[in-house]
Every structure is written in structure tokens, then in C-alpha cells.
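Reviewing the structure listed below.
The values are calculated or read from the model by the stated rules, or taken from the named source; none is laboratory data. Quick caveat, the model's predicted, so the values are computed rather than measured. Ideal geometry is used to build each Cβ from the backbone, glycine not excepted, and the neighbour counts take in all protein chains shown.
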Amino acid sequence: MAQKDTLLHLFAGGCSGTVGAIVTCPLEVLKTRLQSSGLNLRPVFQVQLGTVGSTGVIRPGPGTVTPGLFQILRSILEKEGPRSLFRGLGPNLVGVAPSRAIYFAAYSKSKEMFNGVFVPNSGPVHMSSAGFAAFVTNSLMNPVWMVKTRMQLEKKARGEKKMNALQCARYVYRTEGMRGFYRGLTASYAGISETMICFLIYETLKKRLAERQLNSANGVTDKGATDFLKLMMAAAVSKGCASCIAYPHEVIRTRLREEGSKYKYFFQTGRLIMVEEGYAAFYRGLVPQLIRQIPNTAIVLSSYEILIYLLGNSK
């Protein structure tokens, strides 16, 4: 029975993650481009901090304008074509099903374990389970996400041949070795806090919804379309709050994964971004991140709940 439950969570997690990845891929590309240090700022006024030889460090001044979401979108469509909005979808699809499957299976199993340590189904249980599942998933899947990010940052003119996922992976291995596949892993570990916050809020809201349904239905627990819509809203609220709180790690992770960049370590990258670009740079790409992640998380979690409910009842 325990093995069947694990397989059920693996299957439901994989399917829900695949649906979300396909629907929101263009927003993922826009977010990654906005996070990158290669983003071209439109200089209205800039400040030159200092020089080393003939090279100066330019910091965006008060009048510097960061290109907006729609400007980046128009630039990609004009220069690279619509297909570029789906750059990295291949490794995303290869990685998202197993990563979501691993995550939800690890979350379910660790929740059983932590229920024996803390008060069952309490906040500490949800946060610890989410943190453990995220740690396992990030450790196993970082090479796939590294390749995806590199593909999304690759800029070539319309019609020019771009690397596919396998070619990109070979290039990373040839130029950086195995360590190259684990760039940004420390930032991913820092991002576990986002997952913990998200699942704490989500499980709390889900529990409240279940209690209200039980009280209003006089003990009947059958779920309808309205109930899953409420779960989607709970997931959306949870992810929105968590993303706003923990977003800076996303920018640091993208910078660490850039090819041949000056960013080497987590805190060194954070310090460089702060000194050269200011605090606002830590939130570049937040809008497309929210536009992408809120519906994506709502789709993933509600699809997961639906599959668990349907397949669980069919046993």
C-alpha cells in the first residue's frame, strides 16, 4: 500500500508539473532575460564609480531605465522569432516531470515522518517537509535547470542555429567540467525558504477550506469543481506571497549560471549586484515571475490534488 501511495504521488506530481511548464514557458524566458546581467539598460543618466586602468564600473543612476516586460518581449519577437519564447522547454519538460514527481513524493513521505516528530499537520511539519523535499529535488535536478537557463540566455539573430539541450550540456561539460552543472546550487538552497513559506501558507489555507467544507456539508467530503477552484486560489496566494519575500535568490542564481561571468559565489554575487546596480536589481524580473509562477503553481498544485483525489478514490 505504501509503495502504491508513493507511485501515486510520483505520477500526480509529474503530470501536474508538465502541464504547468508547457503553459508558462514564455514567461519563464522573459523572467530569465530580465534577471540577466546582459540586459541592456537605457541610459538616461548613469554614474561612473571608478576606474581601473581605462575600464570603469558603471552603476545605473537615478535616471537609468530598465527595459520593461513588453520591450523585452518585442525585442525577442523581432530579433529572434516567436520560437525563442520556448527556449529551454526541452530540458524543462525532461526535468519538470521527474522533479515534480520527486518533490511531491519526498514531501508526502517526509510529512509522514515529521508528523511523528511535531504536532501532526502543524506549521513546523509543513515547513520541514517542504524544505526537505526542496533540498532533495534541487540537489538532483540542478544540472537540468542549469542547461535550461543557459539555453534561455542564448541570444542569436532570427534564423541562426541555436544549441539544443544536448549540445548545450556538452558545451558546459567541455568548458567547465562537471562543476559547471552545479552552478547556482547554493542559490537554489537559499530558495528553499520560498518553498517552505509557500507550503506553510498553502497547507494552512487548505486546512481552513477543508474545515469550512466539512462544516457546511454536514460531514460529506466529496469534492466538486468549486473546491478545486478554491485550492487554485489558495495556491496562487501562497506562491505570490512566498515569491515576493524570497525573490532575490532567483536573480543571484541566474547570474551564477551565466557563461564566463564575474559571479562566482552566492554572497559575492549578492554584494556585486548591490554595489554595481543597487537593491532594485534584486527584483528585476519579478513581474513576469509572478505572472508565470502564480498560475503555474495554481495549475500544478490543483492538478496534483485532483489526480490524488481521483486516483485515490479509484483504488
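For this structure, a couple of remarks:
- Any hit, the stretch 78-94, residues being acidic (Asp, Glu), outside any helix (DSSP H, G or I) and surrounded by fewer than 21 Cβ atoms within 10 Å (Cβ to Cβ): yes
- Val147 in contact (Cβ under 8 Å) with a residue 24 or more places away in the chain and touching a Pro at 6+ places or on another chain (Cβ under 7 Å): yes
- Helices (runs of 4 or more DSSP H) enclosed by the stretch 132-221 - at least 3 residues per element that are at pLDDT 90 or above, within 26 Å of Ala106 (Cα to Cα) and under 14 Å from the mean Cα position of the chain (by Cα): 185-190, 192-216
- On the stretch given as the stretch 115-131, residues that are assigned to a helix (DSSP H, G or I) and of a type outside the set (S, T, N, Q) total 7.
- Just so you know, in the stretch 95-112 the residues that are of a type in the set (D, E, K, R) and surrounded by fewer than 19 Cβ atoms within 10 Å (Cβ to Cβ) include one that is farthest from the chain's Cα centre (by Cα), and it is Glu112.
- Taken over the stretch 151-199, the criterion of being farther than 30 Å from Cys241 by Cβ, of a type in the set (Lys, Arg) and out of contact with any Gly (no Cβ under 7 Å at 6 or more places or on another chain) is satisfied by Lys155, Lys156, Lys161, Lys162, Arg170, Arg174, Arg179.
- The one condition in (1) closer than 19 Å to Gly20 by Cβ; (2) in contact with a Phe, Trp or Tyr (Cβ under 9 Å, 6 or more places away or on another chain) that Val172 fails to fulfil: (1)
- Being loosely packed, with under 14 Cβ neighbours inside 10 Å, in a loop (DSSP other than H, G, I, E, B), at pLDDT 80 or above and among the basic types (Lys, Arg) is a condition met by no residue of the stretch 271-294.
- Within the stretch 295-315, being surrounded by fewer than 18 Cβ atoms within 10 Å (Cβ to Cβ) and either of a type in the set (Ser, Thr, Tyr) or outside any helix (DSSP H, G or I) (or both) holds for Tyr309, Ser314, Lys315.
- Candidate set: the stretch 7-40, residues that are farther than 19 Å from Gln289 by Cβ and exposed (fewer than 14 other Cβ atoms within 10 Å of the Cβ); chosen: the one modelled with the highest pLDDT: Leu7
- Pairs meeting the criteria (first residue in the stretch 113-137 and on the phi > 0 side of the Ramachandran plot and surrounded by fewer than 16 Cβ atoms within 10 Å (Cβ to Cβ), second residue at pLDDT below 90 and part of a loop (DSSP other than H, G, I, E, B), beta carbons under 8 Å, at least 6 apart or on different chains) are lacking.
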